[in-house]
Amino acid sequence: MSAIKIRHYAAGLLLASGLSSNAFAVTEIPFWHSMDGGLGTEVNSLAQRFNQQHPDYKIVPVYKGNYEQSLAAGIAAVRGGNAPAILQVYEVGTATMMASHAIKPVYQVFKDAGIPFDEKQFVPTIAGYYSEAKTGQLLSEPFNSSTPVLYYNKDAFKKAGLDPEKPPVTWQELETDAAALRKSGMNCGYASGWQGWIQLEEFSAWHGLPFATENNGFDGTDAKLVFNGPEQIRHIEMLEQMNKAGTFTYYGRKDESTAKFYSGECGMTTASSASLADIRQYAKFNFGVGMLPYDATDKKAPQNAMIGGASLWVMRGQSAQTYKGVAEFMKFLAEPAIAAEWHQKTGYLPATEAAYDLTRQQGFYKQNPGEDIAMKQMLNKPPLPFTKGLRLGNMPQIRTVIDEELESVWTGKETPKVALDNAVKRGNLLLERFRQQVQ
């Protein structure tokens, strides 16, 4: 072969190689999340299946710590110019994400990618949290939504002379049942996880009470906290009395009570519906699931629960090809079979009505009693403005303030009224700081 022919042959090989690599180029899509343990395993499984079905794209899930840590990491990455394509952010970070100017709204991602997407497929009380207040268009995609429920130890109820098929419906009944459990020899009658979320945010929604003005912040950044009303004060006073009597035990600010429940130490706990998977795995006793209790003296209760959990945000500065892959992935996650599987394996709510219907048709709720309680709470009554959710700036910091003030109640340093008044005052300063930052 002559030198000229060799050069032409080599050039042909290089050209073919280049065409081949371009033809099989894969667009990597970083997905930062806060799902550890079994939840992280499920996230990885979803990503792997999507990647197999869509060989042009590769979703790369990366665990970035808990919700606070992943949000901080996302903000730092935006400032450093290396933001992920998808960032999972918990619900109270919604206002922060909206004000960041670092996101591309989900509805715009689908529109630009030319991929049809029915936003109305999502359960309204879930989608409303992550939608523009005026247009109703999705800003982020609902992914892992939860709401708190009551878990109770049926075996312990039976031992205490209580009906194991009748969880307490009101807070007054819960107080009585907790006393009976303690009398029967249990170390802890009742405990609660996520005290600010459950005992104030959800309590307010469940009783049709505003947590803040301006429709809990949905109508503007001028919102002021108002969770120090007489109903909320009365509720914390009841818990204070239970704490003094030894029927309510405080274990910490997050989900510490769930482990105390499935270990058999506590007879009842209010915790996230997403805790059900762990409780089912670790509890060595018969347990039941009930709705959140309500105050028997409040004639308008119960109303609707609000969601917790997180959604998926799309970050600015990505390529058109990346955005197309993101749209395909989000469409995949919303497919009835995928959304139903995620719900059934994790305990999170089915994000779409089709996933809820499919789960019912598959007989999942008959086989797993209690798994539908969370959805029943979300659909209990037509939603009021105060049950749509919270859209308040600096809400993670406000939750920390609430934790500090409630802890001062459990330790006897402050009365419930003083603590809630202080929490509202301190929280409003954080809201004002946020308002000045976004103006």
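I need the P(r) histogram for region 109-225: all alpha carbon pairs, bin width 10 Å from 0 out to the longest distance, whole percents.
For region 109-225, the pair-distance distribution reads 11, 29, 24, 19, 13, 4, 0.
Any idea which of Tyr365, Phe329, Met315 is furthest toward the positive side of the dipole for region 313-434, if Lys and Arg beta-carbons carry +1 and Asp and Glu beta-carbons -1?
The listed residue farthest towards the positive side: Met315.
Pick out, from Thr270, Phe31, Leu429, the residue whose Cα sits farthest towards the positive end of the charge dipole of the chain, with +1 on the Cβ of Lys and Arg and -1 on the Cβ of Asp and Glu.
Looking along the dipole axis, the top candidate is Phe31.
Please give the per residue accessible area of the chain, computed with a probe of 1.4 Å over protein heavy atoms only, in Å².
43 Å²
Check the straight Cα-Cα distances from Lys159 and name the aspartates and glutamates below 18 Å, setting aside those fewer than 8 residues away within the same chain.
Glu173, Glu175, Asp177, Glu265
Ignoring ligands, DNA and RNA, please state the percent of accessible area on region 186-321 from carbon and sulfur, probe 1.4 Å.
Roughly 48 percent of what the probe reaches on region 186-321 is carbon or sulfur.
Which number gives the lysine pairs in region 231-340 that have C-alpha atoms under 25 Å apart and are eight or more places apart or on different chains?
4
Mind pulling the angle between the C-alpha long axis of helix 230-245 and the longest principal axis of the chain? Nearest 10 degrees, somewhere in 0 to 90.
Approximately 70 degrees, to the nearest ten.
With +1 on the Cβ of every Lys and Arg and -1 on the Cβ of every Asp and Glu, and nothing else charged, how large is the dipole of the chain about its Cα centre, in debye rounded to the nearest 20?
The dipole of the chain has a size of about 760 debye.
Could you work out the relative contact order of the chain? I mean the mean sequence separation of Cα pairs under 8 Å and 6+ apart, divided by the number of residues, in percent.
After rounding, I find 23 percent.
What spacing in nm lies between the two simple spin-label points modelled at Gln361 and Ala99, each 7 Å away from Cα in the Cβ direction?
4.4 nm
Could you tell me what percent of the accessible area of region 17-166 is made up of carbon and sulfur, with a 1.4 Å probe and every protein chain present?
On the way: 3530 of 6790 Å².
Looking at region 17-166 in its full context, I get 52 percent from C and S.
The values are calculated or read from the model by the stated rules, or taken from the named source; none is laboratory data. Quantities reported herein were computed from a predicted structural model and do not represent experimental measurements. Cβ coordinates were reconstructed from backbone atoms using ideal geometry, including for glycine residues, and neighbour counts include every protein chain displayed. Side chains included, ligands, DNA and RNA excluded: accessible areas come from the protein's heavy atoms. Shrake-Rupley method; radii C 1.70, N 1.55, O 1.52, S 1.80 Å.
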